[in-house]
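Accompanying notes for the structure given below.
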Amino acid sequence: MKVGIIGTGWFAKTHAAILGDMDGVEVTAFCGTSIEKADKEARNWSNAKGYSNIDEMLEKQELDAVYICVPPMAHGAIEFSLIERNIPFFVEKPLGMDEQPLEIAKRIEEKGIITSVGYHWRYKETTKKALSLLQDRKVGMALGYWMGDMPMVPWWRDVTKSGGQFVEQTTHIVDLLRFLCGDITEVYAAYSSKIMQDKVEGTTAPDVGSVTMKLVNGMVATISNTCILTNSSKVGLDLFTEEGIIELRNEHLREIKGKHILEHKEQVNPYIAENEIFLEAVKTGNPTGILSDYKDSLKTHTVTLAANQSAISGQPIRLGF
Ligand SMILES: NC(=O)c1ccc[n+]([C@@H]2O[C@H](COP(=O)([O-])OP(=O)(O)OC[C@H]3O[C@@H](n4cnc5c(N)ncnc54)[C@H](O)[C@@H]3O)[C@@H](O)[C@H]2O)c1
């Protein structure tokens, strides 16, 4: 299979490295904001070419699938070009930073294009374990966290380019909550910005926030985030159930009941899993293994945008799902 990659940054390189280890997959094109950056990535491959224009790349290459690994503000034209040519794509979260993904989702649906979105927490073995534990217990509430430091790429700190931490980063935890506990009906958010704007020039993204949500199943959840720390501290989701706490973190799931703690270590690399499943779907034309397609991810994206809107207006936002 011939694959093209749009973006030449950290996560484009991460996906390229995974694709490079897969049998029958060849990365043949990179598209970047400059031909120099694209050519630099292409040189790591025996048969790849660099481009600085997506339409030129798509005209000159016969690609079976494309990976979109660009910052939130760069989405839109890329997706429309791929949809026009019926090319399946894997897109890194978030889908964007505004409501344009609504139109993109509509056109994907009309054309029946296979898509996958990089919500990799869904592919973890520990997430599968949590789903099976939830078969025999009810969750009353959830607390989620993305407590860390500020990624130092310039677009991230600019709220008009990234959408801010809740849209850009904490979206993983919102998506995990939806995957495990179902859809969200109401969102209320409080954000603040007291520290990073004085430390890092150009910071307009809030540096702390808490978002409280009501779910269709009657649960209440609060997910908080901050980027004021000097390193990543606590990232994950705690589910409070009638049978104790299910604690999900990057490396483990813990079942906590009083003093008794049962730990399950993560056994799979979810980034490899999401790539294998996406390309298998493209090869066979059967998307059922994909755990996070564009249409479903749009719901997570809508929740995070509603949180931003609530933080500005001070009012709760009701969602239509
Ligand atoms: N799933 C995950 O765990 C995970 C981890 C890291 C990043 N990401 C996501 O991946 C995306 C990219 O993040 P990153 O860390 O690679 O950022 P980065 O800043 O390292 O790289 C972004 C790249 O996109 C390029 N770019 C920007 N606009 C473009 C356009 N119109 N066409 C082509 N290239 C363009 C930039 O030149 C840069 O090379 C972000 O949305 C981020 O949230 C996901």
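Plainly put, region 112-178 has a radius of gyration that is 1.06 times its Kirkwood radius, both from alpha-carbon atoms, as the Rg/Rh ratio. Evaluated at q = 0.08, 0.09, 0.10, 0.14 Å⁻¹, a Debye calculation over the C-alpha positions of the chain (equal weights, vacuum) places log10 I(q)/I(0) at -0.37, -0.47, -0.59, -1.14. Under Stokes-Einstein, with the Kirkwood radius over Cα pairs as Rh, the value for region 188-321 at 25 °C and 0.890 mPa s is 135 µm²/s.
Tell me, in nm to one decimal, what length is gained between residue 195 and residue 232 on full extension, where the rule is 0.36 nm per residue of separation less the Cα-Cα distance?
On the way: separation 37, 0.36 × 37 = 13.32 nm, distance 1.66 nm.
Length gained, residue 195 through residue 232: 11.7 nm.
Spin-label model, residue 315/residue 26: points 7 Å from Cα along the beta carbon direction are separated by 5.7 nm. Here the relative contact order of region 1-56, from alpha carbon pairs under 8 Å that lie six or more residues apart, stands at 33 percent. Solvent-accessible surface of the chain, averaged per residue with a 1.4 angstrom probe and all protein chains in place: 46 square angstrom. Each principal axis of the Cα cloud of region 1-156 was taken in turn, and the coordinate range along them, longest first, works out to 54, 37, 35 Å.
How big is the charge dipole of the chain about its Cα centre, in debye rounded to the nearest 20, if each Lys and Arg gets +1 on its Cβ and each Asp and Glu gets -1 on its Cβ? Mind showing how you got there, number by number?
Numbers: 34 positive and 43 negative charges, 136 e Å.
Value, rounded to 20: 660 debye.
Computed over region 163-252, the Cα gyration tensor eigenvalues convert (square root of 5λ each) into semi-axes of 26, 16, 10 Å, ordered from largest to smallest.
Evaluated with a Cβ-only charge set (Lys, Arg +1; Asp, Glu -1), region 115-241 carries a dipole of roughly 360 debye about its Cα centre, given to the nearest 20.
Highest mean first, how do 32-38, 167-173 rank when packing is the count of other Cβ atoms within 10 Å averaged over residues? Intermediate results must be reported in sequence, preceding the final value.
Working: 32-38: 16.4, 167-173: 25.0.
The packing order, highest mean first, is 167-173, 32-38.
At a threshold of 8 angstrom on Cα-Cα distance, excluding pairs fewer than six apart, so keeping six or more, what relative contact order does the chain reach in percent?
Values: 663 pairs, mean separation 60.1, N = 321.
Relative contact order for the chain comes out at 19 percent.
In whole percent, and with a 1.4 Å probe on the protein chains, what portion of the accessible area of region 186-321 is carbon and sulfur? Using a 1.4 Å probe with all protein chains present, region 186-321 comes out at 53 percent carbon and sulfur.
Here is the P(r) of region 200-244: all C-alpha pair distances, binned every 10 Å from 0, give 19, 42, 26, 11, 2 in whole percents.
The values are calculated or read from the model by the stated rules, or taken from the named source; none is laboratory data. This is a predicted model, so every value here is computed, not measured. Counting neighbours? That spans all protein chains shown, and the Cβs are built from the backbone with ideal geometry, glycine included. These accessible areas exclude ligands, DNA and RNA; they are computed on the full protein's heavy atoms, side chains included. Shrake-Rupley method; radii C 1.70, N 1.55, O 1.52, S 1.80 Å.
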